[in-house]
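The values are calculated or read from the model by the stated rules, or taken from the named source; none is laboratory data. What you see is a predicted model, and the numbers here were worked out from it, not measured in a lab. When we count neighbours, we look across all protein chains shown, and the Cβ atoms used for this are built from the backbone with ideal geometry, even at glycine.
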């Protein structure tokens, strides 16, 4: 149904946008991933790389905490050695405080030979919030303790027990503030996170790029080709060209190409055989009438003198040729073995001259040939197929003029570029097409474009044009004549015939040719 006047038409993208806005946020985030294999691959690659970095980060932060505490134990042991250097293991309060500040601890205790010695200590040590023993801590416990430190607030005081260096005792115990450790761990975590993020982006980009080139892009090519072939299986350009790959994707491309060839051949064969089945009776009738006429003419040839023989002989030969041509075209159409177009780049003018010579235009001046194509115009098509297309159209034009208007008229052919398409128009000044012929113009055997025709010429020409991705269109027909347009797109063209038609204009001018 059409909308109200002045109301803009809602496009598919607008409707999809409104549907997206009505979705919940979770579905809106997941929806683009469902529609694109590339996006899904990129997101999964980033997530897996980040997961790997997390698995690396967890033991790294635990090891960083253990190393930091061991360094604190070593610094406290060095500070305690200053006491052992004195005769009475005593130092001044000022020196003791300086040793504690340099070691960044509140107290240092050393256990040696089952004797506990408080080596250094502040006058009023703070309250202890937690205790950790590095001597028996295993990896899981170190990881748990590391996250406890990160999640705890500042100001905690802990007791740390460990082995002294160089066998200087049974164990050493210090009381230390956990705040510097927590800040150091946060800075270390931030550095690891930034480094992991950079590594993740670089790794994900490289992995995504390789997978996209090796897998996603070929699969997208296969998918797009399957969709395009389904829309128009008669277009030979939509048959996939297999690559030289020898892996599973290469096998899939070759098998898809072979399947598309088989499907095109099957579709053409079924359509042609169905048309042949409906036309068997007509072919038999036409052949009987043509051969009967030839027999009558032959009988008259045997009963007249030489001048009459010379006069009737061309008609006899024409009738026989007509029968042969009808049989040949019918059998060729029924085989449905048209090859795919083999495109090449060639100049159009020599081809048009060959068409003129083979189209049966009499040498007399009754039918004039007018070529309005610009010189040097190049075509990109199968030369043999294009020759057959134009030959069928011009032969129909010659026969239409001969059957009407006293056998006099003009055949005008013109060509030009319209966007990425080549447009060739064939016009004649014949009596025009009958209404019945217009209804089934390109349907074989349904109705010939001229009286007595089998209706194969236009069907074959249209099939060859559609094999190039184009087609044939009847632009005008009437008492002033008939105009057909042949549309041949370039092999790489994505432009439709209708769009190219809007860029082109009527090429032929019969009034000027006359």
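Against the conditions (1) touching a helix residue (DSSP H, G or I) at 6+ places or on another chain (Cβ under 8 Å); (2) assigned to a helix (DSSP H, G or I); (3) at pLDDT 60 or above, where does residue 316 fall short? Just the number, please.
(3)
Can you tell me which residues in the range 375-397 are assigned to a helix (DSSP H, G or I) and either touching a residue at least 60 places away in the same chain (Cβ under 8 Å) or over 27 Å from residue 497 (Cα atoms) (or both)?
Result: 385, 386, 388, 389, 390, 392, 393, 395, 396, 397.
Does the range 414-442 hold any residues that are free of Cβ contacts under 8 Å to residues at least 60 places away in the same chain and part of a strand (DSSP E or B), and which are they? If you could, list the steps in order and put the result at the bottom.
Of the range 414-442, the ones free of Cβ contacts under 8 Å to residues at least 60 places away in the same chain are 417, 428, 430-442.
Once the filter is applied, which keeps residues that are free of Cβ contacts under 8 Å to residues at least 60 places away in the same chain and part of a strand (DSSP E or B), the range 414-442 yields 417, 428.
Which one is surrounded by the fewest Cβ atoms within 10 Å (Cβ to Cβ) among residues in the range 173-196 that are in contact with a helix residue (DSSP H, G or I) (Cβ under 8 Å, 6 or more places away or on another chain) and free of Cβ contacts under 8 Å to residues at least 40 places away in the same chain? Step through it out loud before you land on a result.
Step one: of the range 173-196, the residues in contact with a helix residue (DSSP H, G or I) (Cβ under 8 Å, 6 or more places away or on another chain) are 174, 176, 178, 181-182, 184-186, 188-189, 192-193, 196.
Now restrict to residues that are free of Cβ contacts under 8 Å to residues at least 40 places away in the same chain: 182, 186.
Numbers: 182: 19, 186: 13.
Checking each candidate, the answer is 186.
Any residue at all in the range 134-143 that's loosely packed, with under 12 Cβ neighbours inside 10 Å and on the phi > 0 side of the Ramachandran plot?
no
Which members of the range 342-360 meet the condition of being under 13 Å from residue 373 (Cβ atoms) and surrounded by 11 or more Cβ atoms within 10 Å (Cβ to Cβ)?
Of everything in the range 342-360, those that are under 13 Å from residue 373 (Cβ atoms) and surrounded by 11 or more Cβ atoms within 10 Å (Cβ to Cβ) turn out to be 347, 348, 349, 351, 352, 353, 355, 356.
Of all the residues that make up the range 454-489, how many are touching a residue at least 24 places away in the same chain (Cβ under 8 Å) and part of a helix (DSSP H, G or I)?
Qualifying residue count for the region: 10.
Kindly state which strands (runs of 3 or more DSSP E) lie completely within the range 82-172 and contain at least 3 residues that are closer than 18 Å to residue 71 by Cβ.
107-112, 157-162
What number goes with the only condition from (1) crowded, with 21+ Cβ neighbours inside 10 Å; (2) modelled with pLDDT of 90 or more that residue 401 does not pass?
(2)
Output the qualifying pairs, or none if there are none: Cβ atoms under 7 angstrom, residues six or more apart or on different chains, first residue in the range 138-151 and closer than 15 Å to residue 179 by Cβ, second residue not in a helix (DSSP H, G or I).
149/178
Taking the range 209-236, which residues are under 12 Å from residue 264 (Cα atoms) and in a helix (DSSP H, G or I)?
229, 230, 236
Could you check, for the range 115-132, whether at least one of its residues is buried (at least 16 other Cβ atoms within 10 Å of the Cβ), modelled with pLDDT of 85 or more and within 60 Å of the chain's Cα centre (by Cα)?
No: the range 115-132 contains no residue that is buried (at least 16 other Cβ atoms within 10 Å of the Cβ), modelled with pLDDT of 85 or more and within 60 Å of the chain's Cα centre (by Cα).
Can residue 71 be described as surrounded by fewer than 13 Cβ atoms within 10 Å (Cβ to Cβ), at pLDDT 80 or above and part of a helix (DSSP H, G or I)?
yes
Out of all the residues in the range 332-341, which are modelled with pLDDT of 55 or more and surrounded by 14 or more Cβ atoms within 10 Å (Cβ to Cβ)?
Within the range 332-341, 332, 333, 338, 340, 341 meet the criteria.
Modelled with pLDDT of 80 or more, more than 35 Å from the chain's Cα centre (by Cα) and surrounded by fewer than 20 Cβ atoms within 10 Å (Cβ to Cβ): does that describe residue 478?
yes
Evaluate the range 234-254: report whether one residue or more is over 18 Å from the mean Cα position of the chain (by Cα) and in contact (Cβ under 8 Å) with a residue 12 or more places away in the chain.
Among the residues of the range 234-254, at least one is over 18 Å from the mean Cα position of the chain (by Cα) and in contact (Cβ under 8 Å) with a residue 12 or more places away in the chain, which makes the answer yes.
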